[in-house]
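For reference, the structure discussed in these notes is given below.
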Amino acid sequence: MGRLILKDISKKFNDFLALENVNFEVEDGEFVCLLGPSGCGKTTILRLAAGLDSPTDGEIFLDGKKIAGTNKECGFVFQEYALFPWRTAKGNIEFGPQVKGCSKEECERISRHYIDLVGLRGFEDHFPHELSGGMKQRVGIARAYANKPKLLLMDEPFGALDAQTRNIMQAELLRIWEKEHISVLFVTHSVDEAVYLADRVVVMSARPGTVKEIFGINLPRPRIRTSPEANALRDAILRSLGSEIKRAASI
C-alpha cells in the first residue's frame, strides 16, 4: 500500500501563505509529478508528506493514517545527493536497514539486491567522491528503496545532471519503479520529464500554491518523447503552466 491523500492543505510561514487549500491524491503504486512556478510550494508539499513540517490547516494521510511527525514510511531522494561521504555506496544503502536493527546478513542481502537493481555492481565499494553524478543518484535511489517505504518522495532528483545522463536516469527510475511498485511523488520543473515519467501531472498555481489542473498521462510505456500524443500533452501542460509562471513573475 502507499495511498497519499492531501486534504484542504494550507501552510503559512509567519505571515507568508505558501500553500492554500491543496487537494489531491497519489494512488497506491501511482507515479505523480508536481509541476509549478518557482516558489509555489512544491518542496513544501514533499516536506509535509514526509512529516518534516506540519500544515497550518488541513490533513495528510498515508494509507488512512494521519501523518503527524516524521513519516518513517516515506523515502526521500534529494537533488543534492545527500550521501554520507565516509560511507561507500554499499554502506550508504545499508544505513537505513542498520538503523532499523536488521542483522548483518539481512543488510548484506538488501544492499546486494538494490546494488544490482540500480546497476551499481562493481562500484559498491566506491566512496561518493569516486562516483559520477548519475551513480551518486543511483545510490540515493537505492538507499531510499532499501528502507522499504510505502511512498517515495523525489525533489528534482535529476536537476543537477546533464541532459544525456538525465534521460538515462529517467528510464532507469521507471524500470526500478515498475519492479518495486512503490508510489512516487516527484517534483520537477521539466514538462518533458513529467510527461515521460508520470501517470498524472499536478500543475500548481503561483503562490499561494494550490492545484490548478491535473492531467492524466494515458500513454503506454516505454514512451516516445516526440510522439504526437506526447507533444499534445506537453503543449496543454505548458499552456496551463505558462500563465502561472507569468503570474508568479508579477507577484
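Summary of values
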{"quantity": "Number of positions in segment 67-90 that are out of contact with any helix residue (DSSP H, G or I) (no Cβ under 6 Å at 6 or more places or on another chain), under 20 Å from Arg138 (Cβ atoms) and not small (Gly, Ala, Ser)", "calculated": "8"}
{"quantity": "Selection status of Glu94, at pLDDT 95 or above, in contact with a Ser or Thr (Cβ under 7 Å, 6 or more places away or on another chain) and not in a strand (DSSP E or B)", "calculated": "yes"}
{"quantity": "Members of segment 76-99 found to be surrounded by fewer than 22 Cβ atoms within 10 Å (Cβ to Cβ) and either on the phi > 0 side of the Ramachandran plot or aromatic (Phe, Trp, Tyr) (or both), listed by number", "calculated": "Phe78, Tyr81, Ala82, Phe84, Trp86, Phe95"}
{"quantity": "Leading residue by the ranking (surrounded by the most Cβ atoms within 10 Å (Cβ to Cβ)) among those in segment 178-191 that are at pLDDT below 95 and outside any loop (DSSP other than H, G, I, E, B)", "calculated": "Glu180"}
{"quantity": "Residue among Lys100, Lys104, Lys66, Lys72 that alone is of a type in the set (Lys, Arg) and touching a strand residue (DSSP E or B) at 6+ places or on another chain (Cβ under 9 Å)", "calculated": "Lys66"}
{"quantity": "Residue list for segment 136-171, restricted to those being of a type in the set (Gly, Ala, Ser), more than 26 Å from Ile67 (Cβ to Cβ) and in a helix (DSSP H, G or I)", "calculated": "Ala163, Ala171"}
{"quantity": "The listed residue being touching a residue at least 12 places away in the same chain (Cβ under 8 Å), within 28 Å of Asp57 (Cβ to Cβ) and outside the structural domain of Glu106 (by TED's automatic domain parsing), out of Asp155, Asp192", "calculated": "Asp155"}
{"quantity": "Test: residue in segment 29-39 that is out of contact with any Ser or Thr (no Cβ under 9 Å at 6 or more places or on another chain), in a strand (DSSP E or B) and buried (at least 18 other Cβ atoms within 10 Å of the Cβ)", "calculated": "no"}
{"quantity": "In segment 76-105, the residues that are more than 19 Å from Ala160 (Cβ to Cβ) and not charged (D, E, K, R)", "calculated": "Trp86, Thr88, Gly91, Ile93, Phe95, Gly96, Pro97, Gln98, Val99, Gly101, Cys102, Ser103"}
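Yes/no per residue for (1) free of Cβ contacts under 8 Å to residues at least 24 places away in the same chain; (2) charged (D, E, K, R):
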residue	(1), (2)
Arg3	no, yes
Phe16	yes, no
Leu19	no, no
Ala50	no, no
Asp57	no, yes
Leu62	no, no
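Yes or no, residue by residue, for (1) within 13 Å of the chain's Cα centre (by Cα); (2) surrounded by fewer than 16 Cβ atoms within 10 Å (Cβ to Cβ); (3) not β-branched (Val, Ile, Thr):
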position	(1), (2), (3)
Pro157	yes, no, yes
Leu174	yes, no, yes
Val203	no, no, no
Lys212	no, no, yes
Ile217	no, no, no
Thr226	no, yes, no
Ala236	no, no, yes
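The values are calculated or read from the model by the stated rules, or taken from the named source; none is laboratory data. Model, not experiment: these values are computed from the prediction. For neighbour counting, all protein chains shown are included, and Cβ atoms are generated from backbone atoms with ideal geometry for every residue, glycine included.
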